[in-house]
Amino acid sequence: MCLGQSFTTSAYGVQVIDQLPAFRQSVEADSAKKMIPLHAFLPGIVLDLRYASASNFMHRRMYPPLTHHTFLRAPAAQALLRVQQELHRNGYELKIFDAYRPYSVTVSFWELVKDERYVANPSKGSGHNRGLAVDLTIINRQTGRELDMGTGFDNFTDSAHHSFTRLPQPVLQNRLLLKETMQKYGFTALETEWWHYYWKNDRNYEVLDIPFSKLESEGKD
């Protein structure tokens, strides 16, 4: 579908939807492009949105201080629900570090890091900008503690790569549990980040730069 003048072209040459009318138009044409609020769709999920605080590699808040919710496109959210349901049966829960990310935030990341192993190049836009990527881990439902994955979130070293195996066996098993469960329901792992998974861009999902507050109000209409 072509939205014509409904796009804004970024300084990096990417067409971006940054207004609700254009986003609504895309959803009307394809309901799979709806953005689903994860806190409502996945009961019990834990949100630890790192970019809404200074606890991230930028060392400053990248999202507005009252950002308590995040989103995925409908098919990715439905698949993540199936992941959650399987983990529940084994005593686990998902913790989400990030999902939808406005394009302008990706631009800020790139201007600092400029390393495509860890940060999306804004000349392409990212899975996060399209509502297709999620950063997450697993926690024990009884204790609320994260499973040991060997590194923390946003660790830009080889030890965060899936191919890095010089780790204790329980850590490797925890990573494998997350990877196999996510892949079982259609997600693909990013090799350089054990926490990052993405849904296929099979419907020309557009790059978005819509504030969280506007997406939240959209869901209430």
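The values are calculated or read from the model by the stated rules, or taken from the named source; none is laboratory data. Just so you know, these numbers come straight off a predicted model, no measurement behind them. Don't worry about glycine lacking a Cβ; one is built from the backbone with ideal geometry, like all the others, and counts go over all protein chains shown.
Among the numbered conditions (1) more than 23 Å from Glu191 (Cβ to Cβ); (2) touching a residue at least 24 places away in the same chain (Cβ under 8 Å), the only one that Glu111 does not meet is (2).
So for the range 58-76 (the condition being part of a helix (DSSP H, G or I), modelled with pLDDT of 95 or more and either out of contact with any strand residue (DSSP E or B) (no Cβ under 6 Å at 6 or more places or on another chain) or within 17 Å of Ala189 (Cα to Cα) (or both)), does at least one residue qualify? Within the range 58-76 (the criterion being part of a helix (DSSP H, G or I), modelled with pLDDT of 95 or more and either out of contact with any strand residue (DSSP E or B) (no Cβ under 6 Å at 6 or more places or on another chain) or within 17 Å of Ala189 (Cα to Cα) (or both)), the answer is yes, since at least one residue qualifies.
Restricting the range 152-181 to residues that are touching a helix residue (DSSP H, G or I) at 6+ places or on another chain (Cβ under 9 Å) and among the charged types (D, E, K, R), the residue that is surrounded by the most Cβ atoms within 10 Å (Cβ to Cβ) is Asp154. The residues listed here are Ser55, Ser6, Ser10; of these, the one that is under 22 Å from Ser104 (Cα atoms), of a type in the set (S, T, N, Q), surrounded by 15 or more Cβ atoms within 10 Å (Cβ to Cβ) and under 17 Å from the mean Cα position of the chain (by Cα) is Ser55. Set side by side, the residues Gln183, Gln173 differ, and just one is under 18 Å from the mean Cα position of the chain (by Cα), more than 16 Å from Lys95 (Cα to Cα) and assigned to a helix (DSSP H, G or I), which is Gln183. Could you please give the count of residues in the range 186-199 that are in contact (Cβ under 8 Å) with a residue 60 or more places away in the chain and part of a strand (DSSP E or B)? Selection size over the range 186-199: 3. Do we find that His161 is in contact (Cβ under 8 Å) with a residue 24 or more places away in the chain and either of a type in the set (Gly, Ala, Ser) or touching a Leu at 6+ places or on another chain (Cβ under 6 Å) (or both) in this structure? Answer is no for this residue. Every condition in (1) at pLDDT below 95; (2) closer than 30 Å to Ala29 by Cβ is met by Glu206 except one, and the failing one is (1). Of the listed requirements (1) closer than 22 Å to Tyr185 by Cα; (2) within 16 Å of the chain's Cα centre (by Cα), Gly91 misses just one: (2).
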